[in-house]
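Below is one structure; the comments refer to it alone.
The values are calculated or read from the model by the stated rules, or taken from the named source; none is laboratory data. In this text the structure is predicted, and so the values were computed from the model without any measurement. For neighbour counting, all protein chains shown are included, and Cβ atoms are generated from backbone atoms with ideal geometry for every residue, glycine included. To get the accessible areas, we keep the full protein, side chains included, count just its heavy atoms, and leave off ligands, DNA and RNA. Shrake-Rupley method; radii C 1.70, N 1.55, O 1.52, S 1.80 Å.
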Amino acid sequence: MECPKCNSEIANENINIHEDKAVCQHCRYVFQLSKQLENTQNKKVLSHTARQNKPIVRQLEGQLAISVNFRYKSAIFVFSFGLLGAFQLLNLMFGEIIESVEDGFLPLLFLSLATLLGLSFSFAFIAFAILMYFGKWELRVSPHGGELFTGVEEYGIRKRFLWDEITAVEEQIAVGEKLRHYGIIRAQKKDIKFGHLLNEDQVKFVIHCVNIILNHKNRDEHWPPKQIEDLLKNYND
């Protein structure tokens, strides 16, 4: 830990956890331990987030919104794959279906179902590509609860929660060819996963903000929490 006044390293013997105080052996500055730890954590989260696409943070009427616009360039490849697959499938199956008319009802039914199944997969790729480029992820929180949204414009999936139902907010890692970081809101009724399309730094930033709000005991009296205001002040500079 560093002194907030002269940036000197604080010796362990000058830290009093029980009294929540620390003193710098160089400049003799006395400061609140928990406040300095919080500021250090904020700076750490902000420094990581600044290296990637920063989430958009807005204060609305009675709400705090954290959103990320995807704009993934790889969406063009997913879209091309889905579109090409749909054209190839239609071109191939259309000729096969015409030829199978003379073979009877069952071959015609089988090819029709196979075509519809293949087209559904192709359209799913196209829809996912649209989400990857034009979509967004957003979290809106108020003193009483919040809403998670993933979609394009106002069309998408929404998940709502109340603060009284939340026990913890944690980071999870999906192990595969590439590690993927996402968040999980531990709730009494059902856990809520979020951030699968966000990068690691964005996930850590959101979790940090949500934990500050979750641990704030006087949300009704002061909104947003003072810690969030301090974080956003440094974040927007």
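Below, the figures for the structure above:
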read-out	value
Hey, Val30 open to solvent by 80 Å² or more (accessible area, probe 1.4 Å), modelled with pLDDT of 75 or more and in contact with a strand residue (DSSP E or B) (Cβ under 8 Å, 6 or more places away or on another chain) or not	yes
Residue satisfying all of: in region 219-232; over 15 Å from Arg58 (Cα atoms) and in contact with a Pro (Cβ under 8 Å, 6 or more places away or on another chain); modelled with the lowest pLDDT among these	Asp220
Filter result (part of a strand (DSSP E or B) and either without any contact (Cβ under 8 Å) to a residue 24 or more places away in the chain or acidic (Asp, Glu) (or both)) within region 179-197	Arg180, His181, Tyr182, Ile184, Arg186, Lys193
Meets criteria (at pLDDT 80 or above, among the hydroxyl-bearing types (Ser, Thr, Tyr), under 26 Å from Phe134 (Cβ atoms) and open to solvent by less than 40 Å² (accessible area, probe 1.4 Å)) for Tyr235	no
